[in-house]
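Participant: Please find one structure pasted underneath; my questions will follow.
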Amino acid sequence: MRRSGNIENPDAEKTMRAIYAYEFDASNINVQSGRPFSVLREMKRRGTDIVPVFPLEQRLQHLFLWKKIRYRLGEEVYRPDRESALLRSLAHQIERRVNGIAADFLFAPGSHAIAELDTPHPKVFCADATFANVIDFYDTFTNCAPEFIRQGHAQDQKALMNCAAAIYPSDWAARSAIEFYGVDPGKIHVIPFGANVEVHDAATVKGWIDARPFDRLDLLFVGRDWRRKGGDIVLAVCDHLSRAKVPVHLDIVGVTQTPVPLPPYARLHGLLDKNDPTDRRRLESLLAKAHFFFVPSRAENYGMAFCEAAAYGVPSVTTNVGGIPTIVQHGRTGFTFAPDSPPDAFAEAIEGSFRSLDRYRDLARSSFADYEKRLNWNAFGERFFEVVRQIAG
C-alpha cells in the first residue's frame, strides 16, 4: 500500500484563505526542485482556500540584458532579477490582482515578490537561503558585479523587513537572516522542506533495506551540476573502494554526459523527469536498491534530494556545507565531511558501514525514521500552519 506520510485534511486549517504569489509556475513540480509545487499541494491538502497569483510577467528583465552583457565583458556576474524596476513590476501585478480580496495571509515561495509589495495581508515567504548565503558560495554567484551585490542585499533586506514571517529550511540560512541582515529572530522560523518523491509505507521501506544484498556496494549520485555536486569526488572515492577490492557499483542520474570517461562499474542514466512515469519509476527503483546516496556537494543551500533518499531508507554520504547538516545527521542518518576531505575519509566511512550488516541497517532505518519525523511535507505543513495561524491571529 502506498502512502504519502501525510494526514487527510485536518479540520483546523479548513477555513484559512491564502494568496499564493510567485513569479514562476508553482503548479510545475520541476520548478525550483519542486518546492513551490509541494508547498502549494500541502496548503491545498489541508483545506486552504488558495487565491493563485502566478506566474507573473517578467519580460521587464529584457530591458537590462545590456547590463548583463556589459558586465560579462568585464568577467563579472550580473543578473537583472533584483532590479528595483522589476521588483516593483512584480509587486504591482500582485497588488492589482488581489485588490479587495480578503485573505488570512499572503505567501510566496521566495523573497523577490515580497520586497516591494504593499498589501494589507500578513506576508510570509520561504526560501532555501539568503542572498548573503549564496554570494561567493555558488559558482554562479562568484565574482559578482558590485551593483548586483548591492541590489541583492537590498532586495533581501526589504523582503525581510516587509514580511510577518520568513521560513528557511536550515539553521545555516536562518542564522544569516538574523546575523547578517539584523532581522528580529521572532520573524525567522526553521522548518525543513520535505521529499518530492512518491513514498511507501514503513513495511515496504523496511523490506527494501533488508533486501539490499551485500555482495555488491550500490551507490547513487544525483545531480545536474557535476562539479558543484562533487561528481569528481564520487569517482575518486569509488576508485579508492575498487582498489580496496570493494565490489562497487555507481548509478549516475542528472547529467547527460560526464566530463570524463566512466569506469566499468558506473552506469549513466541521464536526466530523469519526475513528470514522466517511466523516469519516475526508474528513479524510485534506483533509490530502493541503493546502499548510499552519495552527493558530496561543494555548495548546497539545502538539498531536497537528501530528504528523498531518507524517504527510501537510504543513508547519505555528503559534505557539511550550507544547509546539509540540518538534513543529514553525521553518524546517525549518514555521514558528512568537509568538502576538501581526502577520498579515503569518505571511503572508510562507506566501507565500514557496508562491512557491518547491523550497522548499515541501523543507519538506513534511522534515515527513514528521520524522514517520517522531520523530512516530509506533512511535518512541514504542521509547523508552517502553526506560524501562519500566529501571524493571522
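Participant: So which residues in the stretch 231-274 are of a type in the set (S, T, Y) and exposed (fewer than 13 other Cβ atoms within 10 Å of the Cβ), if there are any at all?
Facilitator: Within the stretch 231-274, the subset of a type in the set (S, T, Y) is 242, 256, 258, 265.
Listed by number, the list holds a single entry, T256.
Participant: Still on this structure, please answer the following. For the stretch 145-239, list the strands (runs of 3 or more DSSP E) that sit wholly inside it and hold at least 1 residues that are within 24 Å of I327 (Cα to Cα), in contact (Cβ under 8 Å) with a residue 60 or more places away in the chain and in the same structural domain as V387 (by TED's automatic domain parsing); which are they? Can you show your working first?
Facilitator: Values: elements: 165-168, 188-190, 217-222.
In the stretch 145-239, 165-168, 188-190 are the strands (runs of 3 or more DSSP E) which contain 1 or more residues that are within 24 Å of I327 (Cα to Cα), in contact (Cβ under 8 Å) with a residue 60 or more places away in the chain and in the same structural domain as V387 (by TED's automatic domain parsing).
Participant: Return yes or no: is P296 buried (at least 22 other Cβ atoms within 10 Å of the Cβ), touching a strand residue (DSSP E or B) at 6+ places or on another chain (Cβ under 7 Å), in a loop (DSSP other than H, G, I, E, B) and in the same structural domain as L357 (by TED's automatic domain parsing)?
Facilitator: Values: buried (at least 22 other Cβ atoms within 10 Å of the Cβ): yes; touching a strand residue (DSSP E or B) at 6+ places or on another chain (Cβ under 7 Å): yes; in a loop (DSSP other than H, G, I, E, B): yes; in the same structural domain as L357 (by TED's automatic domain parsing): yes.
So P296 passes the test.
Participant: Does D279 satisfy being out of contact with any Ser or Thr (no Cβ under 7 Å at 6 or more places or on another chain), under 24 Å from V321 (Cβ atoms) and surrounded by 16 or more Cβ atoms within 10 Å (Cβ to Cβ)? Full working, then the answer.
Facilitator: Numbers: out of contact with any Ser or Thr (no Cβ under 7 Å at 6 or more places or on another chain): yes; under 24 Å from V321 (Cβ atoms): no; surrounded by 16 or more Cβ atoms within 10 Å (Cβ to Cβ): yes.
So D279 does not fit the description; no.
Participant: Evaluate the following for E348: is it at pLDDT 95 or above, surrounded by fewer than 24 Cβ atoms within 10 Å (Cβ to Cβ) and more than 30 Å from R243 (Cα to Cα)? If you could, list the steps in order and put the result at the bottom.
Facilitator: Values: at pLDDT 95 or above: yes; surrounded by fewer than 24 Cβ atoms within 10 Å (Cβ to Cβ): yes; more than 30 Å from R243 (Cα to Cα): no.
So E348 fails the test.
Participant: Next question. In the stretch 16-112, which strands (runs of 3 or more DSSP E) lie fully inside it and hold 1 or more residues that are acidic (D, E)? Spell out the reasoning first.
Facilitator: On the way: elements: 17-21, 49-53, 105-108.
Per the criteria, 49-53.
Participant: Also, quick follow-up: Restricting the stretch 134-183 to residues that are within 28 Å of Q390 (Cα to Cα) and of a type in the set (S, T, N, Q), which is surrounded by the most Cβ atoms within 10 Å (Cβ to Cβ)?
Facilitator: Checked the stretch 134-183; the qualifying residue surrounded by the most Cβ atoms within 10 Å (Cβ to Cβ) is S170.
The values are calculated or read from the model by the stated rules, or taken from the named source; none is laboratory data. This is a predicted model, so every value here is computed, not measured. We place every Cβ from the backbone using ideal geometry, glycine too, and count neighbours over all the protein chains shown.
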